[in-house]
1. Restricting to the range 271-282, what's the tally of residues that are crowded, with 21+ Cβ neighbours inside 10 Å and more than 18 Å from the chain's Cα centre (by Cα)?
2. Of all the residues that make up the range 187-224, how many are assigned to a loop (DSSP other than H, G, I, E, B) and within 16 Å of the chain's Cα centre (by Cα)?
3. Just name the residue that is nearest to residue 337 (Cα to Cα) out of those in the range 350-408 that are surrounded by fewer than 10 Cβ atoms within 10 Å (Cβ to Cβ) and of a type in the set (S, T, N, Q).
4. What tally of residues in the range 74-109 results from selecting those that are closer than 24 Å to residue 185 by Cβ and touching a strand residue (DSSP E or B) at 6+ places or on another chain (Cβ under 6 Å)?
5. Say we look at the range 329-349 and pick out the residues that are touching a Pro at 6+ places or on another chain (Cβ under 9 Å) and not in a loop (DSSP other than H, G, I, E, B); which of these is surrounded by the fewest Cβ atoms within 10 Å (Cβ to Cβ)?
6. State yes or no: is residue 44 farther than 27 Å from residue 183 by Cβ and either among the β-branched types (Val, Ile, Thr) or not assigned by TED's automatic domain parsing to the domain that holds residue 133 (or both)?
7. Out of (1) charged (D, E, K, R); (2) out of contact with any Cys (no Cβ under 9 Å at 6 or more places or on another chain); (3) buried (at least 17 other Cβ atoms within 10 Å of the Cβ), the odd one out for residue 285 is which?
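The values are calculated or read from the model by the stated rules, or taken from the named source; none is laboratory data. Since the model is a prediction, treat every value here as computed from it, not as a measurement. Don't worry about glycine lacking a Cβ; one is built from the backbone with ideal geometry, like all the others, and counts go over all protein chains shown.
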Amino acid sequence: DQEAIADILPVGCERAVQQERRGTGDAVRAGLEPLERFRGDVMVLYGDVPLVHAGFVAALHRRHLEAEAAATLTTSELADPEHYGRIVRDDDGGVVRIVEYRDATPQERAVHEINVGLYVFRADALRPALGRLTSDNDQGELYLTDVVHLLLADGHTVASFRSDDEEMCRGVNSRVELAAVNAAMRRRLVERLMLAGVTVEDPATTYVDYGVEVGRDTVLRAGTHLLGRTTVGAACEVGPHSFLRDAFVGDRARVVSSHLHECVVGSGCSVGPFAHIRRNTVLAEGARAGTFVEIKNSRIGERSRVPHLSYVGDAVVGQDTNIAAGNITANYDGYEKHATTIGDRVRTGSDTVIVAPVNLGDDCVTAAGSVITRDVPPGALAVTREEQKNVEGYAARRVAERRTAPPS
């Protein structure tokens, strides 16, 4: 996905597009087009080798400069080289060529030294060599690896730089290999957090995206997923089995077995278990969203509580308010969404339905089981339920009626 890649490129990067998939050599040719006047060194890294890190890239370039080479390629020796291109050397140990697996002889396939897919080229040597590539091979493509043989034939120096980090050199050619490198990257990111003072209860079941930030002394319980641009503050507890995507969580907050998506959870807040905090929701400092609570596109004020079994949508709730069990903000009339405003220090009774648009003033109270359809003044009690009526002897009469009723 070209647009997805463009979104993560640093400012100032220019992209080039290979219009037809004609092989790695043609891809590099397309990449050089915006660099027509460039005369320095060009680094080429295959996109399916995702675990290469900046320190190794810098070391490779140093090796290239020291060797005064036209090209320097990265190699590694794998116990099971599988389908990787093989490095063919002469009796003196110099690189002769790179042969792709599908074009290799049985003798060449027995070689365990592989081409990693990370190179440095001198631009003035690379350009003419790319122009001489042919598609005379098993796949009918223009191989970048053939540039090595062409440069050597022209008398240029080709150096190699070996890595013993087998994990870093692993490429991705199947879903199995993709899962393996994902696991390696996840382990690397989790270890980085632990070295920075984060406690990860079970690294094997903790998923952390690149770019996620977690503060010191936070505890990540088993099964936690921190994805996208998520930030978690210091001294928090997240999990077990919490899922956060593009969420901000302040210091000293707890998120237990809950889902958070594009929301802000303030310092000292408590979420869950089994809460769903949805897009554009803000829980202010000290607020609580408890068991089986869903909140969407709302602001819950400082120290306010939605403790259990409630839905709050398109609402603004003030400070020190308590939304009792089973409350619903009925925000949708079948055509449009409507807003609810609930003031400071409000107490709603259990099973209250608030039909938007409506305002509940500061310090007001709603009786349990009420359906609120009109504004409630500050300090008032709103009661909309019917008066209770007890029918004496009802149960006995009902039993008698069933006994005397004709068979159906």
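1. Going through the range 271-282, the residues crowded, with 21+ Cβ neighbours inside 10 Å turn out to be 271-272, 275, 277, 281.
Adding the requirement that they be more than 18 Å from the chain's Cα centre (by Cα) leaves 271-272, 275, 281.
Final tally of qualifying residues: 4.
2. The qualifying residues number 7.
3. Step by step, filter the range 350-408, then rank; the result is 388.
4. Residues flagged as closer than 24 Å to residue 185 by Cβ and touching a strand residue (DSSP E or B) at 6+ places or on another chain (Cβ under 6 Å) within the range 74-109 amount to 8.
5. Checking each candidate, the answer is 341.
6. Judged against the criteria, residue 44 is not a match.
7. (2)
One line per residue, one yes/no per condition, for (1) assigned to a loop (DSSP other than H, G, I, E, B); (2) in contact with a Gly (Cβ under 7 Å, 6 or more places away or on another chain); (3) closer than 20 Å to residue 317 by Cα:
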site: 241; (1), (2), (3): yes, yes, no
site: 244; (1), (2), (3): no, no, no
site: 252; (1), (2), (3): yes, yes, no
site: 257; (1), (2), (3): yes, yes, no
site: 286; (1), (2), (3): yes, yes, yes
site: 295; (1), (2), (3): no, no, yes
